[in-house]
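The values are calculated or read from the model by the stated rules, or taken from the named source; none is laboratory data. Remember, it's a predicted structure, so these values are computed and weren't measured experimentally. Cβ: placed from backbone, ideal geometry, glycine included. Neighbour counts: every protein chain shown.
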C-alpha cells in the first residue's frame, strides 16, 4: 500500500481535527453552560465555552428536594424491567415468526408490521389503557410499547439466518423449541440482543409522552421531570410576582447533561455489537 | 393577532395538530353539540364585589385594577376560612404546572396541612402548558372529568358545547350577592369575572392578573445617557426613531425581541387591542391605518439598524440574555418579569452595576394621550364539572379556600408552605424560604383558583414602588378588546393558523424580505381565509348581547 504524502497526512489531520471540534464543541458548551452563572451566560449570548465563575448551582437546584433522585430511581427500574420484558417478548415472538412452519405466521407478521405504518392514536390508546385499569400504574409505560415491530423484524431476520442445520440437529437430538431457543439461538444472538436491548433501553429511558398521559406527577420518570425543567417558565405577560422564575439556561443545559450521562455510560460497552447487529438485521433476510 | 400569538398559543396549535379531528369526535361523544355556536358576555349577572377587610397595603389598590402593594408580609396573618368544611371527600382538578412537579403528598407537609385545613383531599392532575391541550382532551375523551378544569382558551375547540354539556352553570351559585357565601371569591373584582361568562351564563372561576402586561422594558441607563429619562415624554415617533438610532451602534441595538416585539409600537401608534368597534362594525387591528403605520415604523427602524438583526427568531431566553448583557436597550416582556427574584430590576445591575431596568412608558406617535392594552386581565379561568348542588357547593368552598387573598394564613400556606419546615419569618414577618420550600409549594393550587394579585417583594421594595406606579399610570390608559369573552367558532378553529400567517408576513416585511404590497396581500388573504367570517360571528354575538343589555 502506498504511503500517503505529507500533504495528504496533513489534510487528514486537519479534517479529523475539524470534525472533532465540530463534535466536541456542542458538548463542551452544554457542559460549560450548565456550570455557569446567569451573568456569564448572558454575557456569552447564551452559550458559554469556558465558565468564568464555575458553579454547581444548576445541579443543586435540580437535585434539591429529592424529586429528581426519586425519578432517577423510577426511570432505572422502568428501563431495566421494561427492557427485560420487551426483549423476552420480542425474542419469543421473533423466534416463533422465524419458523417457516408456523400456522398463520405471515398473517401475524403482517399484523405486527401494520403497527409500523398505522399507530392507534392518542385517545384510543388512552381508552385502552384506561379500560385495562392501567392508568396511573408503571405498567402503562411498558405494556403499550412492549414490542416494537422494527426490533421484531431485526431479531426475526437474524434468527432466520442462523444455519438451519443447527435446528435440525437439535431436533434429531430431541430438543424442543424452548431448548433450541435457550441453548442454541440465544447464545448465537448476543450481538442482535445487545443492539435491540439498547434500542429498547434508550426508548424507555427517554419516554415521557405516555408518562404525561397516563401517570400523575408523583410517578413521573426522569425524562418527564427533566422536561418540566426545560419547559419551566411562563408565557409572556401571564406570570405574576409569586410565580416560579423562568429557567436559567444553566438549568436547561444541566438537564441535557443529566439525561445523557446514563446512556453515554452504557453505550461504549455495547458499541462493538452495534454496527454488526444492525447490519445483520438490515441486509440479510 | 400578530402580537398575541403567544408561546402557549403556538404550543397549543402544534399539540393539537394530531388531535384536532379525534377531539372533535370525542367531545361530541360526551354530549357537546355537533355544530359550534357563538357565546356572549352580556346578560349574566356577575358576582358582586365585596373586598375582604383583612390587611392594609403599603400602597393602595384602585378601583380600575391597580393591585395593592406590600413591602412586608402583613404581621399576624388572618385566617380567611375558619374551619375544615370537607368531611373526608375528594375534589379533583386538572391544571397547568410551570416547572418540576411538587414533592408528593406523603412527604409534603404543606400539602398535608392544606388538606388538613380543608378536611378532605384535593387530587390535582398537573400538566405543563405545552402538554395541557393533549392531556385535557384525552381526559375528556376518557370520560373521567375532574371537578375543576383549567380553561386556557385554546384546549377545547367547541368550548360552548362543552360548557353546556359537561360544566356547571355557576350563575345560581355565585351571581350577585350569592357569592357572599364564598367571601374570598367575592373579593375578586367584577372585571376579572367577565371572561368567565359564556353564552350568558357564569361558567367559571377567574384566575386574576394585573390588567395590563405593560409595554416592555428599557435599559434606563442607556436612555438617560441619550437624554431621555422618561419615555412617556417623547413627543413623536420621529423623535423616538432619532433616539433609537442614537442608541444603536457597534454590536448594540435600540430594540430586539421575539417576533420583533410589536406591542410597544402598536401601543405608540394607538393600534386597537385585537378588535375595535367603528360605527357599530368590528374592525380587526390589521385593517386599521394605525397598524400599517406601526408596522412600517418598525420596518423603518430595522432598516436604520436600530433593531437587532434576526431578533424575530429569538427565544425568550435569547431576548433576556441580550437585554441583560446590554446588547439591546429595549425589549418587550410582561410587567411581572420586573420585580420578582431574578427579574430585570435585579439581573441588569447584576450583569453590569451601571445598568438599570425600568418599564417602558409608551408615548403617542403623533402627540396626545398614550395608550396600552388591557391584555393581562386573567391568566385563564377554571370550569366546574356538572354535579349535584351539594357537590358544587363543596367545590366552590374549595375554590374559596384557594382564592384566599394576600395577607391571609391560607395564602401564606399555599405559597410559602409550613413555618419552620418551608420558611422562617424574619424580623419584619417576611417568610424566608428553606431549601425544600420550592418543591413543597410547587403544587399548582394557584392555577385552579386564585384571589386578586398583590405586589410584594421585601427584597426589592423600590421595584414594587416602580411597578405600582407603572400600573397606576398604564391601567387608566388601557384599551380593552371588545371581543374579550366572546366566542367565534372560526376563530377557535382557524385563528391560530391565520395569526401565524400574519406573524410570518409581518416578520418578512420588517426584515426586508418582502414588500408592503405582500403585507397588504396577506391582510386580504387573512380576510378571505376566515377573518371576515370571524368578524361576522363576533359581530352577531356582540349585537345580540347589546340588544339584551
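Checked against the criterion of being within 14 Å of another protein chain (Cβ to nearest Cβ), touching a strand residue (DSSP E or B) at 6+ places or on another chain (Cβ under 7 Å), at positive phi and not in a helix (DSSP H, G or I), the stretch B:145-153 contains one or more residues that satisfy it.
Rundown of residues vs (1) in contact with a strand residue (DSSP E or B) (Cβ under 8 Å, 6 or more places away or on another chain); (2) surrounded by fewer than 21 Cβ atoms within 10 Å (Cβ to Cβ), yes/no style:
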residue: A:189; (1), (2): no, no
residue: A:200; (1), (2): no, no
residue: A:203; (1), (2): no, yes
residue: A:208; (1), (2): no, yes
residue: A:213; (1), (2): no, no
residue: A:216; (1), (2): yes, yes
residue: A:222; (1), (2): no, no
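Here the stretch B:478-496 is the region considered, the condition is being assigned to a helix (DSSP H, G or I) and under 21 Å from residue B:263 (Cβ atoms), and the residue that is modelled with the lowest pLDDT is B:496. Among the residues of the stretch A:58-78, those identified as under 17 Å from residue A:230 (Cβ atoms) and more than 12 Å from chain B (Cβ to nearest Cβ) are A:58, A:59, A:72, A:75.
Considering each residue of the stretch B:128-141 in turn, at least one proves to be outside any helix (DSSP H, G or I) and within 14 Å of another protein chain (Cβ to nearest Cβ).
How do the helices (runs of 4 or more DSSP H) wholly within the stretch B:287-406 filter down when requiring 1 or more residues that are at pLDDT below 95, in contact with a strand residue (DSSP E or B) (Cβ under 8 Å, 6 or more places away or on another chain) and within 11 Å of chain A (Cβ to nearest Cβ): which remain? Full working, then the answer.
Values: elements: B:289-303, B:316-324, B:336-339, B:344-351, B:389-402.
Answer list for the stretch B:287-406: B:316-324, B:336-339, B:344-351.
Which residue is nearest to residue B:125 (Cα to Cα), if the candidates are limited to the stretch B:80-91 and must be touching a residue at least 60 places away in the same chain (Cβ under 8 Å) and touching a strand residue (DSSP E or B) at 6+ places or on another chain (Cβ under 6 Å)? Top of the filtered list is B:91.
For residue A:127, the conditions (1) touching a residue at least 12 places away in the same chain (Cβ under 8 Å); (2) within 14 Å of chain B (Cβ to nearest Cβ) are fulfilled apart from (1).
Only one residue in B:528, B:543, B:488 is under 26 Å from residue B:295 (Cβ atoms), surrounded by fewer than 21 Cβ atoms within 10 Å (Cβ to Cβ) and out of contact with any strand residue (DSSP E or B) (no Cβ under 8 Å at 6 or more places or on another chain), so which one is that?
Details: B:543 fails: under 26 Å from residue B:295 (Cβ atoms); B:488 fails: surrounded by fewer than 21 Cβ atoms within 10 Å (Cβ to Cβ).
Unique residue meeting the criteria: B:528.
When residue A:159 is tested against (1) at pLDDT below 95; (2) farther than 18 Å from residue A:191 by Cα; (3) surrounded by 15 or more Cβ atoms within 10 Å (Cβ to Cβ), only condition (2) is not met. If you go through the stretch B:164-180 and keep only what is over 23 Å from residue B:132 (Cα atoms), touching a residue at least 40 places away in the same chain (Cβ under 8 Å) and in a helix (DSSP H, G or I), you end up with B:171, B:173, B:174, B:177, B:178, B:179, B:180. Would you say residue B:107 is surrounded by fewer than 20 Cβ atoms within 10 Å (Cβ to Cβ) and more than 28 Å from residue B:168 (Cβ to Cβ)? It is true that residue B:107 is surrounded by fewer than 20 Cβ atoms within 10 Å (Cβ to Cβ) and more than 28 Å from residue B:168 (Cβ to Cβ).
Every residue, every condition in (1) part of a helix (DSSP H, G or I); (2) farther than 30 Å from residue B:463 by Cα; (3) touching a residue at least 60 places away in the same chain (Cβ under 8 Å), yes or no:
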site	(1), (2), (3)
B:74	no, no, yes
B:93	no, yes, yes
B:103	no, yes, yes
B:110	yes, no, yes
B:113	yes, yes, yes
B:117	yes, yes, yes
B:122	no, yes, yes
B:126	no, yes, yes
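When residues in the stretch B:92-103 are screened for being crowded, with 23+ Cβ neighbours inside 10 Å, more than 17 Å from the chain's Cα centre (by Cα) and more than 12 Å from residue A:227 (Cα to Cα), 4 of them pass.
Residues that are closer than 27 Å to residue A:208 by Cα, at pLDDT 85 or above and out of contact with any strand residue (DSSP E or B) (no Cβ under 6 Å at 6 or more places or on another chain) do not occur anywhere in the stretch A:47-55. Only one entry in A:33, A:83, A:79 is under 22 Å from residue A:263 (Cβ atoms), outside the structural domain of residue A:193 (by TED's automatic domain parsing) and touching a helix residue (DSSP H, G or I) at 6+ places or on another chain (Cβ under 7 Å), namely A:33. As a summary of the residue check, residue B:161 satisfies the conditions (1) within 14 Å of chain A (Cβ to nearest Cβ); (2) farther than 30 Å from residue B:436 by Cα; (3) in contact (Cβ under 8 Å) with a residue 40 or more places away in the chain; (4) in contact with a helix residue (DSSP H, G or I) (Cβ under 7 Å, 6 or more places away or on another chain) except for the one numbered (1). Please work out which one of (1) in a helix (DSSP H, G or I); (2) away from every other protein chain (no Cβ under 12 Å) is the condition residue A:55 fails and give its number. Evaluating residue A:55 over (1) in a helix (DSSP H, G or I); (2) away from every other protein chain (no Cβ under 12 Å) leaves (1) as the failure. Going residue by residue through the stretch B:93-112, is there one that turns out to be farther than 24 Å from residue B:384 by Cβ and more than 14 Å from chain A (Cβ to nearest Cβ)? So far as the stretch B:93-112 goes, no, none of its residues is farther than 24 Å from residue B:384 by Cβ and more than 14 Å from chain A (Cβ to nearest Cβ). Looking only at the stretch A:234-248, decide whether some residue is more than 7 Å from every other protein chain (Cβ to nearest Cβ), in a helix (DSSP H, G or I) and modelled with pLDDT of 50 or more. No, that holds for no residue.
Scan the stretch B:229-237 and give yes if some residue there is part of a loop (DSSP other than H, G, I, E, B), under 17 Å from residue B:323 (Cα atoms) and assigned by TED's automatic domain parsing to the domain that holds residue B:320, otherwise no.
Taking the stretch B:229-237 first, the residues part of a loop (DSSP other than H, G, I, E, B) are B:229-230, B:234-236.
Narrowing the set further to residues that are under 17 Å from residue B:323 (Cα atoms) leaves none.
No, the conditions are met nowhere in the stretch B:229-237.
Working only within the stretch A:199-219, note down all residues that are within 17 Å of the chain's Cα centre (by Cα) and either closer than 17 Å to residue B:444 by Cα or more than 13 Å from every other protein chain (Cβ to nearest Cβ) (or both). Within the stretch A:199-219, A:199, A:200, A:201, A:202, A:203, A:204, A:205, A:206, A:207 qualify. Go through the residues of the stretch A:167-174 one by one and say whether even a single one is modelled with pLDDT of 85 or more, more than 11 Å from chain B (Cβ to nearest Cβ), surrounded by fewer than 17 Cβ atoms within 10 Å (Cβ to Cβ) and assigned to a loop (DSSP other than H, G, I, E, B). Within the stretch A:167-174, one or more residues are modelled with pLDDT of 85 or more, more than 11 Å from chain B (Cβ to nearest Cβ), surrounded by fewer than 17 Cβ atoms within 10 Å (Cβ to Cβ) and assigned to a loop (DSSP other than H, G, I, E, B).
Residue count for the stretch B:452-474 under the criterion of being buried (at least 22 other Cβ atoms within 10 Å of the Cβ), out of contact with any strand residue (DSSP E or B) (no Cβ under 8 Å at 6 or more places or on another chain) and modelled with pLDDT of 95 or more: the result is 0. Looking at the structure I just gave you, is residue A:50 within 14 Å of chain B (Cβ to nearest Cβ), without any contact (Cβ under 8 Å) to a residue 24 or more places away in the chain and touching a helix residue (DSSP H, G or I) at 6+ places or on another chain (Cβ under 7 Å)? In short, no.
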